[in-house]
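Here is the structure we will look at.
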Amino acid sequence: MLAKDFYAARKGRDALKITWNEGPNANLSTAVVRKSLEAGLSQKGAVIKTAGNVSATVPNGKALSAQYFLPYLAHSTMEPVNCSADVSNGKCRIIGPIQFQQGGQAAAAAGVKPEDVTIETTFLGGGFGRKLELDFIRQAAEISKAAGMPVKMLWTKEDDIQHDFYRPTSIHKVDGVLGANAQLSTMKAKMVSQSVTTRAFPGFVKDGFDPFMVEGSNNLTYDIPNLEITNVITDTCVRVGYWRSVSNALNAFAIESFVDEAATAASKDPVAFRLASLSKHPRAKNVLETAVKKSGYTAGSKRFGVAQMKCYDMCSACVIELDTTAPETRVKKITFVSDCGITVHPDQARAQLTGGVIYGLSAVLNNAITIENGRVQQTNFNNYPSLRQNQVPVIDVHLIPSQEKPGGLGEVGVPLVAPALANAIAAATGKRIRELPVKV
């Protein structure tokens, strides 16, 4: 719908009466998707990482098992998808919030040679991976070409949320055995999910191995003698994309929740339990110890939850403190500590981590994309909310002085929030959260 302004175009589009071809996925639902993921747990999959012998008998061992589920998530950018395009005289000019310029140059071609496409990148208005995609760029270029004039294309928020490339849903089965020393002697972790890379960059996926699906699982910092990490790729018939922190958020929730459950089964403090397995990883150990100290954590307290991981070449730890005196349990404070190597601009580093923590907390507390009759049920911020400023707890970010190589920052604050919160809730209430989102 072409018009002089957005509101006229919206009014015209709303007047259209369209009969859609429902296609082969007319009956797709969240329940159907979940069933397909559960079926994937019985498949062999691609073995990502191994150590020792996970089939070996552990003398006087205590077996543990848990299953975790994470939903689809939208990128939920504040600024919806938009793009301006001018295709004329054998040239194409694109102006928009674009995260992947090389791909955008090729996608926008619209009959123009890629070298004759000019990309001008604006502020993203929030990207988080959504504006890596190329659909809106090609759409604007094709409209300009058909109209024979420059155009500015703007999606509604409803279009944006209901036609996103979603963070994949996933299911995780984790099994372990506590040895005589009350530490994990064996751990087997299997993740079943859709592969973004199979769609976006299929050449990088070999024999079921997606290098982006293993983030947060193939770089464990814990010393577990017998280990097996497996991924199973399952197509769920929903288009998926890279979401802020990619698979780190999926794997961290399952693994750090399971480690906490193992600590409980061993009757150990969760911090002491983790530290006992980090002797070979001094950076991770130091980060966790610092986070514990800065947060005011005390062993045996019923209001703290902890989590730690290596993510984008950084070691980070998160401690969440709950306000257990309120009528409903709520997050009081989040302490986040990172060793991100050499830090050129510490203020920007802390700002990135703070933003990541808020983004992660918003998703953990509020967000899930659900599907019924082939349609996404969520439409706007009313039923897919982001945290408001007055809902954000105290966030205390610390950087470890380091001469290591710099690591990534923009995504690192996101993954640890979910397991740290689930672990805090378990400590406070005895209720173990194995599915997201959490409502507190």
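Rule-based calculations on the coordinates, nothing more; no lab input. Keep in mind the model is a prediction, meaning the values are calculated, not measured. Every residue, glycine among them, receives a Cβ derived from its backbone with ideal geometry; neighbour counts consider all protein chains shown.
Cross-link pairs exceeding 19 Å in C-alpha to C-alpha distance, out of K268/K302; K302/K333; K173/K439, comprise K173/K439. So for the chain: antiparallel DSSP bridges make up what percent, rounded to the nearest 5? If I count the DSSP bridges inside the chain, around 70 percent turn out antiparallel. Applying a DSSP loop filter and a limit of 13 other Cβ atoms within 10 Å to the trypsin sites (Lys or Arg not before Pro) in the stretch 383-440 leaves R388, K431, K439. What is the helix-to-structure angle for 282-295, meaning the angle in degrees between its Cα long axis and the longest Cα principal axis of the chain, kept from 0 to 90 and rounded to the nearest 10? In the chain, helix 282-295 runs at an angle near 90 degrees to the longest axis.
With θ taken as phi - 60° and the Karplus curve 6.51 cos²θ - 1.76 cosθ + 1.60 applied, the whole-hertz 3J(HN,Hα) list for the stretch 134-143 is 10, 4, 6, 5, 5, 4, 5, 5, 5, 5 Hz, x standing for glycine and proline.
Computed over the chain, the per-residue total of -39500 (n - 2.57) for DSSP H runs of n ≥ 4 gives a 222 nm mean residue ellipticity of -8500 deg cm²/dmol, rounded to 500. Shape class for the stretch 309-440, computed from the alpha carbon gyration tensor (a ≥ b ≥ c): prolate, with a/c not under 1.5 and a/b above b/c. The distance between label points at A299 and M78 comes to 4.4 nm (points 7 Å beyond Cα on the Cα→Cβ vector). Within the listed set F100, F201, F128, the residue fluctuating most in the Gaussian network model of the chain (springs between alpha-carbon atoms under 10 angstrom) is F201.
Annotation for the stretch 352-427 versus the stretch 267-294: alpha-carbon center distance of 23 Å.
With a 10 Å Cβ neighbour count serving as the proxy for reagent exposure, in which order, fewest first, do F123, F212 appear?
Details: F123 8, F212 16.
Going from sparsest to densest Cβ surroundings: F123, F212.
Residue by residue, the stretch 420-427 carries 3J(HN,Hα) couplings of 4, 5, 4, 5, 5, 5, 4, 5 Hz when phi is fed to the Karplus relation 6.51 cos²θ - 1.76 cosθ + 1.60 (θ = phi - 60°); x denotes Gly or Pro.
Within the stretch 81-154, how many Lys pairs sit with Cα atoms under 21 Å apart, leaving out pairs fewer than 8 places apart on the same chain?
Numbers: K91/K113; K91/K145; K91/K152; K113/K145; K131/K152.
The number of close lysine pairs in the stretch 81-154 is 5.
The spacing between the stretch 188-208 and the stretch 37-96, judged by their C-alpha centroids, is 8 Å. The ranking of T234, T19 by Cβ neighbour count inside 10 Å, starting from the fewest, reads T19, T234. Here the residues M191, M78, M309, ranked from fewest to most Cβ neighbours within 10 Å of their Cβ, fall in the order M78, M309, M191. For the chain, the longest principal axis of the Cα atoms and the long axis of helix 346-366 meet at an angle of about 90 degrees. Here the calculated FRET efficiency for A63 and N181, from their Cβ-Cβ distance with R0 = 22 Å, stands at 0.90, rounded to the nearest 0.05.
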